[in-house]
1. Assuming residue 246 fulfils every condition listed in (1) surrounded by fewer than 15 Cβ atoms within 10 Å (Cβ to Cβ); (2) farther than 17 Å from residue 139 by Cα; (3) in contact (Cβ under 8 Å) with a residue 24 or more places away in the chain; (4) touching a strand residue (DSSP E or B) at 6+ places or on another chain (Cβ under 7 Å) apart from one, which condition is it?
2. If I ask for residues that are surrounded by fewer than 16 Cβ atoms within 10 Å (Cβ to Cβ), at pLDDT 85 or above and in contact with a strand residue (DSSP E or B) (Cβ under 9 Å, 6 or more places away or on another chain), which ones from the range 200-236 would you list?
(Lines give C-alpha, C1' and ligand atoms only; values in the text may rest on other atoms or scores of the structure.)
Protein backbone atom coordinates (compact mmCIF):
# COMPACT_ATOMS: atom_id res chain seq x y z
CA UNK A 1 0.00 0.00 0.00
CA UNK A 2 2.87 2.28 0.85
CA UNK A 3 4.59 1.44 -2.45
CA UNK A 4 1.37 2.23 -4.32
CA UNK A 5 1.13 5.59 -2.56
CA UNK A 6 4.72 6.41 -3.47
CA UNK A 7 4.02 5.50 -7.10
CA UNK A 8 0.99 7.78 -7.16
CA UNK A 9 3.04 10.55 -5.53
CA UNK A 10 5.82 10.08 -8.11
CA UNK A 11 3.31 10.13 -10.95
CA UNK A 12 1.78 13.33 -9.61
CA UNK A 13 5.21 14.97 -9.32
CA UNK A 14 6.23 13.83 -12.81
CA UNK A 15 2.90 14.97 -14.22
CA UNK A 16 3.32 18.33 -12.52
CA UNK A 17 6.82 18.73 -13.90
CA UNK A 18 5.63 17.77 -17.40
CA UNK A 19 2.73 20.22 -17.07
CA UNK A 20 5.10 22.99 -16.01
CA UNK A 21 7.46 22.19 -18.88
CA UNK A 22 4.54 22.18 -21.28
CA UNK A 23 3.28 25.52 -19.97
CA UNK A 24 6.83 26.90 -20.17
CA UNK A 25 7.15 25.65 -23.71
CA UNK A 26 3.85 27.23 -24.72
CA UNK A 27 4.77 30.55 -23.04
CA UNK A 28 8.22 30.53 -24.67
CA UNK A 29 6.69 29.72 -28.05
CA UNK A 30 4.17 32.54 -27.72
CA UNK A 31 6.90 34.91 -26.56
CA UNK A 32 9.16 34.02 -29.52
CA UNK A 33 6.21 34.31 -31.90
CA UNK A 34 5.24 37.74 -30.58
CA UNK A 35 8.88 38.83 -30.70
CA UNK A 36 9.17 37.63 -34.30
CA UNK A 37 5.93 39.40 -35.15
CA UNK A 38 7.20 42.58 -33.52
CA UNK A 39 10.49 42.38 -35.45
CA UNK A 40 8.56 41.74 -38.64
CA UNK A 41 6.27 44.74 -37.99
CA UNK A 42 9.26 46.93 -37.13
CA UNK A 43 11.04 45.88 -40.32
CA UNK A 44 7.93 46.59 -42.40
CA UNK A 45 7.59 50.02 -40.75
CA UNK A 46 11.29 50.74 -41.39
CA UNK A 47 11.00 49.69 -45.04
CA UNK A 48 7.85 51.76 -45.45
CA UNK A 49 9.57 54.77 -43.89
CA UNK A 50 12.61 54.33 -46.18
CA UNK A 51 10.33 53.98 -49.19
CA UNK A 52 8.38 57.13 -48.28
CA UNK A 53 11.64 59.03 -47.74
CA UNK A 54 12.98 57.93 -51.13
CA UNK A 55 9.72 58.91 -52.84
CA UNK A 56 9.78 62.28 -51.07
CA UNK A 57 13.45 62.78 -51.91
CA UNK A 58 12.73 62.04 -55.58
CA UNK A 59 9.79 64.45 -55.57
CA UNK A 60 11.92 67.21 -54.06
CA UNK A 61 14.74 66.55 -56.53
CA UNK A 62 12.24 66.80 -59.39
CA UNK A 63 10.92 70.03 -57.83
CA UNK A 64 14.43 71.50 -57.65
CA UNK A 65 15.09 70.50 -61.27
CA UNK A 66 11.82 72.19 -62.25
CA UNK A 67 12.75 75.35 -60.34
CA UNK A 68 16.12 75.38 -62.08
CA UNK A 69 14.54 74.92 -65.52
CA UNK A 70 11.96 77.66 -64.90
CA UNK A 71 14.66 80.03 -63.64
CA UNK A 72 16.78 79.35 -66.73
CA UNK A 73 13.81 79.85 -69.06
CA UNK A 74 12.85 83.11 -67.38
CA UNK A 75 16.43 84.37 -67.67
CA UNK A 76 16.96 83.27 -71.27
CA UNK A 77 13.58 84.22 -72.72
CA UNK A 78 11.65 86.82 -70.72
CA UNK A 79 14.87 88.43 -69.51
CA UNK A 80 16.10 88.87 -73.07
CA UNK A 81 12.75 90.27 -74.20
CA UNK A 82 12.81 92.84 -71.40
CA UNK A 83 16.38 93.77 -72.32
CA UNK A 84 15.43 94.30 -75.97
CA UNK A 85 12.42 96.47 -75.06
CA UNK A 86 14.54 98.43 -72.58
CA UNK A 87 17.21 99.05 -75.24
CA UNK A 88 14.59 100.04 -77.81
CA UNK A 89 13.13 102.64 -75.46
CA UNK A 90 16.60 103.94 -74.57
CA UNK A 91 17.56 104.73 -78.17
CA UNK A 92 14.32 106.47 -79.12
CA UNK A 93 15.22 109.96 -80.47
CA UNK A 94 12.79 111.91 -78.31
CA UNK A 95 13.58 115.29 -76.75
CA UNK A 96 12.69 116.17 -73.20
CA UNK A 97 10.10 118.62 -74.48
CA UNK A 98 8.26 115.90 -76.39
CA UNK A 99 4.90 114.88 -74.88
CA UNK A 100 5.88 111.21 -74.99
CA UNK A 101 9.14 111.75 -73.07
CA UNK A 102 7.69 111.37 -69.55
CA UNK A 103 5.60 108.24 -70.35
CA UNK A 104 8.62 106.63 -72.02
CA UNK A 105 10.85 107.50 -69.05
CA UNK A 106 8.27 105.97 -66.70
CA UNK A 107 8.10 102.86 -68.88
CA UNK A 108 11.88 102.54 -68.77
CA UNK A 109 11.85 102.77 -64.98
CA UNK A 110 9.12 100.11 -64.78
CA UNK A 111 11.13 97.90 -67.13
CA UNK A 112 14.25 98.35 -65.00
CA UNK A 113 12.33 97.27 -61.90
CA UNK A 114 10.78 94.32 -63.75
CA UNK A 115 14.22 93.21 -64.95
CA UNK A 116 15.67 93.45 -61.42
CA UNK A 117 12.70 91.57 -59.94
CA UNK A 118 13.05 88.89 -62.60
CA UNK A 119 16.77 88.59 -61.87
CA UNK A 120 16.06 88.19 -58.14
CA UNK A 121 13.43 85.56 -58.89
CA UNK A 122 15.71 83.50 -61.13
CA UNK A 123 18.45 83.64 -58.49
CA UNK A 124 16.05 82.34 -55.84
CA UNK A 125 14.91 79.51 -58.10
CA UNK A 126 18.41 78.37 -59.03
CA UNK A 127 19.61 75.79 -56.49
CA UNK A 128 23.19 75.85 -57.85
CA UNK A 129 23.48 79.48 -56.76
CA UNK A 130 22.45 78.56 -53.20
CA UNK A 131 25.32 76.07 -53.03
CA UNK A 132 27.75 78.57 -54.57
CA UNK A 133 27.11 81.58 -52.33
CA UNK A 134 26.21 79.63 -49.19
CA UNK A 135 23.14 79.51 -46.97
CA UNK A 136 23.96 82.67 -45.00
CA UNK A 137 24.27 84.85 -48.10
CA UNK A 138 21.23 83.28 -49.80
CA UNK A 139 19.04 84.08 -46.78
CA UNK A 140 20.59 87.57 -46.51
CA UNK A 141 19.64 88.17 -50.15
CA UNK A 142 16.00 87.20 -49.51
CA UNK A 143 15.79 89.34 -46.37
CA UNK A 144 17.24 92.31 -48.24
CA UNK A 145 14.54 91.94 -50.90
CA UNK A 146 11.86 92.03 -48.19
CA UNK A 147 13.48 95.08 -46.63
CA UNK A 148 13.60 96.92 -49.98
CA UNK A 149 9.94 96.09 -50.63
CA UNK A 150 8.95 98.03 -47.50
CA UNK A 151 6.33 95.41 -46.60
CA UNK A 152 7.68 94.95 -43.06
CA UNK A 153 10.64 95.63 -40.81
CA UNK A 154 13.33 92.97 -40.95
CA UNK A 155 16.09 91.84 -38.62
CA UNK A 156 18.83 89.42 -39.66
CA UNK A 157 21.54 88.16 -37.33
CA UNK A 158 24.28 85.57 -37.82
CA UNK A 159 26.25 84.27 -34.83
CA UNK A 160 29.33 82.08 -35.09
CA UNK A 161 31.44 80.90 -38.01
CA UNK A 162 29.42 79.74 -41.01
CA UNK A 163 29.47 76.02 -41.73
CA UNK A 164 29.77 74.98 -45.37
CA UNK A 165 26.74 72.72 -45.84
CA UNK A 166 26.67 70.26 -48.71
CA UNK A 167 24.51 71.22 -51.68
CA UNK A 168 21.41 69.24 -50.73
CA UNK A 169 21.30 70.34 -47.08
CA UNK A 170 21.90 73.98 -48.02
CA UNK A 171 19.13 73.80 -50.63
CA UNK A 172 16.68 72.08 -48.27
CA UNK A 173 17.34 74.56 -45.45
CA UNK A 174 16.96 77.49 -47.83
CA UNK A 175 13.70 76.13 -49.30
CA UNK A 176 12.34 75.63 -45.79
CA UNK A 177 13.24 79.21 -44.90
CA UNK A 178 11.80 80.44 -48.20
CA UNK A 179 8.49 78.63 -47.63
CA UNK A 180 8.20 80.03 -44.10
CA UNK A 181 9.02 83.56 -45.29
CA UNK A 182 6.44 83.32 -48.09
CA UNK A 183 3.81 82.18 -45.57
CA UNK A 184 4.60 85.22 -43.42
CA UNK A 185 4.31 87.58 -46.38
CA UNK A 186 1.04 86.03 -47.56
CA UNK A 187 -0.84 85.23 -44.38
CA UNK A 188 0.66 86.67 -41.19
CA UNK A 189 -0.17 90.40 -41.54
CA UNK A 190 3.05 90.92 -39.58
CA UNK A 191 4.80 94.28 -39.26
CA UNK A 192 8.14 92.70 -38.36
CA UNK A 193 10.08 89.53 -39.07
CA UNK A 194 13.33 88.49 -37.37
CA UNK A 195 15.68 85.77 -38.62
CA UNK A 196 18.72 84.49 -36.76
CA UNK A 197 21.32 81.88 -37.69
CA UNK A 198 23.47 80.34 -34.97
CA UNK A 199 26.56 78.22 -35.62
CA UNK A 200 27.41 77.19 -32.06
CA UNK A 201 30.69 75.94 -30.69
CA UNK A 202 29.06 72.65 -29.67
CA UNK A 203 28.45 71.78 -33.34
CA UNK A 204 24.83 72.82 -33.64
CA UNK A 205 23.12 74.92 -36.27
CA UNK A 206 19.96 76.78 -35.26
CA UNK A 207 17.78 78.79 -37.62
CA UNK A 208 15.06 80.85 -35.95
CA UNK A 209 12.38 82.81 -37.76
CA UNK A 210 9.85 84.87 -35.77
CA UNK A 211 7.08 87.28 -36.73
CA UNK A 212 4.57 89.40 -34.80
CA UNK A 213 1.62 88.49 -37.02
CA UNK A 214 -1.83 87.03 -36.42
CA UNK A 215 -0.60 83.49 -35.74
CA UNK A 216 -2.46 80.27 -36.54
CA UNK A 217 -3.29 76.75 -35.35
CA UNK A 218 -0.24 74.72 -36.43
CA UNK A 219 -1.79 71.25 -36.20
CA UNK A 220 -4.97 72.30 -37.99
CA UNK A 221 -2.93 73.73 -40.86
CA UNK A 222 -0.66 70.67 -41.08
CA UNK A 223 -3.67 68.36 -41.26
CA UNK A 224 -5.50 70.50 -43.81
CA UNK A 225 -5.56 69.06 -47.34
CA UNK A 226 -7.43 71.96 -48.91
CA UNK A 227 -5.10 74.76 -47.78
CA UNK A 228 -2.00 75.66 -49.80
CA UNK A 229 -0.32 76.78 -46.59
CA UNK A 230 -1.09 73.36 -45.09
CA UNK A 231 0.71 71.71 -47.99
CA UNK A 232 3.58 74.15 -47.52
CA UNK A 233 3.89 73.25 -43.83
CA UNK A 234 3.98 69.55 -44.66
CA UNK A 235 6.75 70.25 -47.15
CA UNK A 236 8.75 72.09 -44.46
CA UNK A 237 8.41 69.22 -41.97
CA UNK A 238 9.21 66.63 -44.66
CA UNK A 239 12.38 68.44 -45.71
CA UNK A 240 13.46 68.71 -42.07
CA UNK A 241 12.95 64.95 -41.62
CA UNK A 242 14.99 64.13 -44.73
CA UNK A 243 18.08 65.99 -43.49
CA UNK A 244 17.72 64.91 -39.87
CA UNK A 245 16.77 68.34 -38.52
CA UNK A 246 14.52 69.02 -35.52
CA UNK A 247 11.77 71.50 -36.34
CA UNK A 248 9.72 73.26 -33.68
CA UNK A 249 6.86 75.53 -34.72
CA UNK A 250 5.05 77.56 -32.08
CA UNK A 251 2.19 79.88 -32.98
CA UNK A 252 -0.52 81.54 -30.93
CA UNK A 253 -3.46 83.23 -32.70
CA UNK A 254 -2.96 86.96 -32.32
CA UNK A 255 0.58 86.64 -30.94
CA UNK A 256 2.72 85.66 -33.91
CA UNK A 257 4.74 82.61 -34.88
CA UNK A 258 8.23 81.34 -34.06
CA UNK A 259 9.90 78.53 -36.01
CA UNK A 260 13.15 76.92 -34.86
CA UNK A 261 15.18 74.48 -36.94
CA UNK A 262 18.08 72.67 -35.26
CA UNK A 263 20.64 70.50 -37.00
CA UNK A 264 23.72 68.74 -35.63
CA UNK A 265 26.93 69.56 -37.49
CA UNK A 266 29.79 67.09 -38.05
CA UNK A 267 32.57 67.54 -35.53
CA UNK A 268 35.75 69.01 -36.90
CA UNK A 269 38.59 66.51 -37.13
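1. (3)
2. Listed by number, the residues that qualify are 200, 203, 204.
The values are calculated or read from the model by the stated rules, or taken from the named source; none is laboratory data. The structure displayed is predicted, hence computed values, not measured ones. For neighbour counting, all protein chains shown are included, and Cβ atoms are generated from backbone atoms with ideal geometry for every residue, glycine included.
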